[in-house]
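**Q** Got a structure for you, questions after.
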Amino acid sequence: PPRSTLFPYTTLFRSPVFSDKAGSYEADSMIYNYKTRKGIINRVVTKQGEGYIVLEKAKKNAQNVTFGRNGYFTTCNLARPHFHIQSRRLKLIPEKQIVTGLFNLYVNDAPTPLGFLFGIFPFTTRNTSGIIIPTYGEERERGFFFRQGGYYWAVSPYVGITFLSDFYTNGSWGVSMRTEYKKRYRYSGRASLAFNKNITGDEINRAIDRKSTRLNSSH
């Protein structure tokens, strides 16, 4: 069968696709009024920036804002993504951001404790604040981990601050803050501060329990 237009690495049958200036929407079924520019969509998939949004049911208004129920957001382009952020209520503002109610981060369809009462996830080329989704995996000595997750704060068009954290199941952890600034043709630079606690070995034989602090800057 032909491949999906929005998930290129799947072998699903091609679904109907609707396109307008706000983007492309692939759905099981849809009702759209060309005069009022409103519609109801069942099981919709759309791509915004580097992310994919999947909604069980959605309503689209004349301002191209989509209100969804029971959906998720992910940057993985598989039909069953390795990770996603899931919420019962979502609001998609094309070329700008997706806003959610209470959400949780899922890894391989399993819920994690990571979540919050609401979420704002931008997908724009402008300097915009937003949550940074962590990577996950496993190391032989430190166990399973979530790394490089946190928040990016766009202080101004010229200054941005990134807050990151790492967590390992053997007790190791780390936090960092990085500030970058740039004004074209005039100046640029960065400064970073990081603190890490690194534990290696198993629960019985803790070979190393080491703390470290790093401070770097350049202009």
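**Q** With (1) at pLDDT 85 or above; (2) touching an Asp or Glu at 6+ places or on another chain (Cβ under 8 Å); (3) open to solvent by less than 30 Å² (accessible area, probe 1.4 Å) as the list, and D166 as the residue in question, which single condition is left unmet?
**A** (2)
**Q** Can you say whether T128 is open to solvent by 30 Å² or more (accessible area, probe 1.4 Å), part of a loop (DSSP other than H, G, I, E, B), free of Cβ contacts under 8 Å to residues at least 40 places away in the same chain and within 27 Å of I85 (Cα to Cα), as far as the supplied structure shows?
**A** In short, yes.
**Q** Any residue in segment 85-98 that's more than 13 Å from I120 (Cα to Cα) and without any contact (Cβ under 8 Å) to a residue 40 or more places away in the chain: show its pairings with residues that are open to solvent by 70 Å² or more (accessible area, probe 1.4 Å) and assigned to a loop (DSSP other than H, G, I, E, B) at Cβ separation under 6 Å, as long as the two are six or more apart or on different chains.
**A** Correct list of pairs: empty, since none qualify.
**Q** Among the candidates G137, G150, G160, G119, which residue alone is out of contact with any Ser or Thr (no Cβ under 9 Å at 6 or more places or on another chain) and open to solvent by less than 50 Å² (accessible area, probe 1.4 Å)?
**A** Step by step, each of G137, G150, G160, G119 is checked, and only G137 is out of contact with any Ser or Thr (no Cβ under 9 Å at 6 or more places or on another chain) and open to solvent by less than 50 Å² (accessible area, probe 1.4 Å).
**Q** For the list (1) closer than 30 Å to K183 by Cβ; (2) surrounded by 16 or more Cβ atoms within 10 Å (Cβ to Cβ), I need the number of the one condition that L114 fails.
**A** (1)
**Q** Also: Within segment 82-111, which residues are among the small types (G, A, S) and open to solvent by 20 Å² or more (accessible area, probe 1.4 Å)?
**A** Result: G101, A110.
**Q** Do we have E95 as farther than 28 Å from Y25 by Cβ and not polar (S, T, N, Q) here?
**A** The answer is no for E95.
**Q** Test V65 against the stated conditions and say whether it is under 16 Å from the mean Cα position of the chain (by Cα) and surrounded by 13 or more Cβ atoms within 10 Å (Cβ to Cβ).
**A** no
**Q** Now for a separate question. Please identify the pairs in which a residue from segment 194-212 that is modelled with pLDDT under 65 has its Cβ atom under 7 Å from the Cβ atom of a residue that is of a type in the set (S, T, Y), counting only partners at least 6 apart or on another chain.
**A** Cβ pairs passing all conditions: A207/T200.
**Q** Every residue in segment 181-196 that is open to solvent by 70 Å² or more (accessible area, probe 1.4 Å) and of a type outside the set (K, R), please.
**A** If the condition is that a residue be open to solvent by 70 Å² or more (accessible area, probe 1.4 Å) and of a type outside the set (K, R), then Y185, Y187, L193 are the ones that fit.
**Q** Just to be sure before I move on: is S172 open to solvent by less than 30 Å² (accessible area, probe 1.4 Å), out of contact with any Gly (no Cβ under 7 Å at 6 or more places or on another chain) and over 23 Å from V44 (Cα atoms) in the structure I sent?
**A** It is true that S172 is open to solvent by less than 30 Å² (accessible area, probe 1.4 Å), out of contact with any Gly (no Cβ under 7 Å at 6 or more places or on another chain) and over 23 Å from V44 (Cα atoms).
**Q** Follow-up. Hey, can you tell me all the residues within segment 30-62 that are open to solvent by 70 Å² or more (accessible area, probe 1.4 Å) and either in contact with a Phe, Trp or Tyr (Cβ under 7 Å, 6 or more places away or on another chain) or closer than 23 Å to G115 by Cα (or both)?
**A** Once the filter is applied, which keeps residues that are open to solvent by 70 Å² or more (accessible area, probe 1.4 Å) and either in contact with a Phe, Trp or Tyr (Cβ under 7 Å, 6 or more places away or on another chain) or closer than 23 Å to G115 by Cα (or both), segment 30-62 yields K47, E50, E56, K57, K59.
The values are calculated or read from the model by the stated rules, or taken from the named source; none is laboratory data. Quantities reported herein were computed from a predicted structural model and do not represent experimental measurements. Glycine also receives a Cβ, built like all others from the backbone with ideal geometry; neighbour counts cover every protein chain displayed. Note: areas computed on protein heavy atoms with side chains; ligands, DNA, RNA excluded. Shrake-Rupley method; radii C 1.70, N 1.55, O 1.52, S 1.80 Å.
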